[in-house]
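What follows is a structure written as C-alpha cells; I'll ask about it next.
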C-alpha cells in the first residue's frame, strides 16, 4: 500500500465508512434535508433576481450590522440560504450539496442545522462587535461594513467542515480549512473572511462541549458498569482490614 493511500485512509477512512453505507443503501433518500435546502436556495436566488421578489427576499433574509439586533436575529436563519448576489449561485449550491449532505448523513439533519446556525449566528454577531471595536482594534471592522448585506451559506459550510473533521478525526482537513480561512483574512481583509474565523471559533467551542459531554457520559457508564453504586464498587476492591478501618 502506497504512503498516499495509507494516509488518505487514515484521514478520511472513518468519514468514508460513515457515509458509504447510508448513501449506497438509500441514495438520494439519505439526504432529504440537504436536497430541500438546495431547492430552497435555488428558489430564493430565482426570486431575488426578479424585480417583484428582490424586496421580499431583502425583508425576510437580508442581514446587516446596522439593523436592530432583534431583526437581525429574526432574519439570520433564512439568511443562511440567501446566496450572495455578487457570487455565482452554483458555488453556493455545490457547497450545500456536498458539505451539508455529508453532515446530514453523519450527524443527522437537526445536528447539521444546529452547527450551521451556530456558525452563521457567530458571524452575524461578530460583525457588530467588530464594527464597535473599529478598524484600529484587533479583528475590528470599519463602520462602512455595517451597510453590507451579510448572507450566504459560507460560514455554515466552514463550520460544518471543521466539525466533521474533528468528529471523524480528519484533523489535517479541519486544520487545512482553518489555515485557508486565516490566509483569506491576511490576503483579503474583509467582513466575510473575519466572519468565517468567528464561525470557526464558535464551532471549536461546540467541539469542546461535545467532547466534554461524551467524556462525562462514558465516565458515568464506566462507573455504573458493575451494577453497584460507585462507593460500593470501590469498597469491594478493598481488603477485609481496609473495609473494617474505613467503617
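Say a paramagnetic label sat at a point 7 Å from the Cα of residue 86, along Cα to Cβ; which residues of the stretch 180-195 have their backbone N under 12 Å from it?
189-193
Further question on the same structure: Separation between the residue 40 and residue 20 pseudo-spin-labels, each 7 Å from Cα along Cα→Cβ, expressed in nm?
So the two model labels end up 3.2 nm from each other.
Let me have the relative contact order for the stretch 28-83, percent, based on Cα pairs under 8 Å that are six or more residues apart. Show your work: numbers first, answer last.
On the way: 38 pairs, mean separation 20.3, N = 56.
RCO, the stretch 28-83: 36 percent.
Would you please state the base-10 log of I(q)/I(0) at q = 0.10, 0.14 1/Å for the chain, with intensities from the Debye formula using one equal scatterer on every alpha carbon?
These q points yield log10 I(q)/I(0) values of -0.59, -0.97.
Right, something else. Which residue fluctuates the most in the chain, going by a Gaussian network model with Cα springs under 10 Å, if the choices are 207, 39, 106?
Maximum fluctuation in the GNM of the chain, among the listed residues, is at 39.
On average, how much area does the Cα convex hull of the stretch 43-121 cover when viewed from any direction, in nm²? Working shown, then result.
Numbers: hull surface 22.6 nm².
If I average the Cα hull's projected area over directions, I get 5.6 nm².
Another question, then. Under the definition of Cα pairs under 8 Å and six or more residues apart, what whole-number percent is the relative contact order of the chain?
Details: 277 pairs, mean separation 48.9, N = 247.
Result for the chain is 20 percent.
Counting every Cα pair in the stretch 94-219, what percent are over 17 Å apart?
Details: 4552 of 7875 pairs.
The proportion of pairs with Cα distances above 17 Å equals 58 percent.
Tell me the relative contact order for the stretch 1-130 as a rounded percent, counting alpha carbon contacts under 8 Å between residues six or more apart.
Values: 87 pairs, mean separation 38.9, N = 130.
Value for the stretch 1-130: 30 percent.
Please check: in the Gaussian network model of the chain (C-alpha springs, under 10 Å), which one of 140, 123, 152 has the largest mean-square fluctuation.
140
Every number here is computed from the coordinates shown, using simple stated rules; none is lab data. Quick caveat, the model's predicted, so the values are computed rather than measured. Cβ: placed from backbone, ideal geometry, glycine included. Neighbour counts: every protein chain shown.
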